[in-house]
Amino acid sequence: MNRTTRRSLIAASLAAPFLARGALAQSWAPTRPIRFVVPFPPGGATDVVARVLGEGMQGRLGQAVTVENRTGAGGNVGVENVVRSPADGYSILMGTTGTLTINPHLYTSMGFNPANDLAPISMAFATDHVLIVHPSVPAQTAQEFLALVRTRPGALSYGSGGNGTSTHLVAELFKLVARVDIQHVPYRGSAPALNDTVAGNVQAMLDQLPSALGMIQAGRVRALAVTGPRRSRLLPDVPTLAEIGLAEAQATSWGAVMAPANTPAPIVDRLNATIREVLADATVQARLAAAGADAVTSTPAELAAMMQRETAIWGGVVREARITVN
């Protein structure tokens with residue numbers, strides 16, 4: 001689904017309910033700074049979008065919205081920090097596909113459950129992944145890359161933002177569909193994984209487009225394919241996985257704003273309304289689009305339903321690929 005269609009569907013579904021709830025959404029106003037926890041290091045796609053969104057939120061809420069990077073355990077450290085925070089609107093999370101819908105299948109002793117211990121506020125963004133390789137890899141196209149790894153099973157490695165993150169699961173889905181063997185090297189976040197791909201310490205990565213775009217444009221890595229349903233407007237010469245015969249490997253990552261469970265409805269409503277207002281701004285949309293991300297919003301209920309669907313989908317990938325974490 002393209003950005004315009006996504007926005008149109010969301011606008012139609014949200015307009016009526018929020019006309020009635022507009023006054024309620026204004027009934028809470030923060031009186032001190034808000035922590036916006038990103039469970040990954042600075043520089044990755046999640047961090048990039050959180051900083052743009054946080055900047056817009058603080059202008060509308062009248063309080064600073066400070067991005068706080070708390071890393072570790074595939075994002076669980078940052079998520080748990082918010083889960084254990086007071087449900088008062090002053091600690092929010094930029095959750096992701098990995099932290100909200102994949103990790104529950106991987107970590108049997110997390111000590112919390114995203115579906116039960118977090119309150120959905122709104123979707124924030126969606127982004128494709130892009131298959132990138134170090135320039136030393138002797139493959140100019142995705143087809144050549146597939147031929148290379150098939151003739152050298154296990155010889156090449158790919159980096160990810162950590163076990164269970166979207167950059168790990170999307171790559172494992174790619175491996176399953178393409179029937180190739182590439183070694184996984186997990187990092188504490190997509191930014192250090194990208195840095196090692198640029199350095200040639202790992203040969204490939206299926207990074208989120210916003211974080212990889214700069215290195216692609218600078219020629220530090222080579223883009224071979226994107227994972228979305230159509231070519232990226234930022235990389236029009238790069239084919240989709242469907243175009244190279246791997247349609248079943250299509251995947252889109254997303255981020256969503258969450259709060260501790262039992263956050264009062266007026267706070268959730270105000271934060272939701274503020275996020276929708278920020279992401280409806282053309283300047284903000286342009287900033288995210290330039291980074292390779294689509295602005296996406298939702299009601300809390302729609303976000304909860306999507307989390308449930310995605311949890312089932314990625315659980316299947318975890319089981320089929322036999323993915324475990326230490």
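Computed values, structure above
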item	result
Count - residues of region 102-128 that are surrounded by 24 or more Cβ atoms within 10 Å (Cβ to Cβ), at pLDDT below 95 and under 18 Å from Gly74 (Cβ atoms)	2
So Ala87, is it of a type outside the set (Phe, Trp, Tyr), part of a loop (DSSP other than H, G, I, E, B) and surrounded by fewer than 24 Cβ atoms within 10 Å (Cβ to Cβ)	yes
Single condition Gln63 does not satisfy, out of (1) modelled with pLDDT of 95 or more; (2) part of a loop (DSSP other than H, G, I, E, B); (3) in contact with a Phe, Trp or Tyr (Cβ under 8 Å, 6 or more places away or on another chain); (4) not small (Gly, Ala, Ser)	(3)
Qualifying residue in region 303-323 (condition: modelled with pLDDT under 90, among the small types (Gly, Ala, Ser) and touching an Asp or Glu at 6+ places or on another chain (Cβ under 6 Å))	yes
Among the candidates Val48, Val79, residue that is at pLDDT 95 or above, outside the structural domain of Ala171 (by TED's automatic domain parsing), not in a loop (DSSP other than H, G, I, E, B) and not acidic (Asp, Glu)	Val79
Selected residue (only one of Arg309, Arg276, Arg287, Arg233 is of a type in the set (Lys, Arg), over 22 Å from Arg179 (Cα atoms) and in contact with a helix residue (DSSP H, G or I) (Cβ under 6 Å, 6 or more places away or on another chain))	Arg287
Subset of region 54-72 (residues that are more than 18 Å from Ala124 (Cα to Cα) and touching a residue at least 40 places away in the same chain (Cβ under 8 Å))	Thr71, Gly72
Residue match in region 180-196 (condition: touching a Pro at 6+ places or on another chain (Cβ under 6 Å), under 26 Å from Arg322 (Cβ atoms) and not in a strand (DSSP E or B))	yes
Lone qualifier among Ala290, Ala295 - being over 15 Å from Pro120 (Cα atoms), modelled with pLDDT of 90 or more and assigned by TED's automatic domain parsing to the domain that holds Ser122	Ala295
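The values are calculated or read from the model by the stated rules, or taken from the named source; none is laboratory data. Model, not experiment: these values are computed from the prediction. Every residue, glycine as well, gets a Cβ built from its backbone with ideal geometry; the counts of neighbours run over all protein chains shown.
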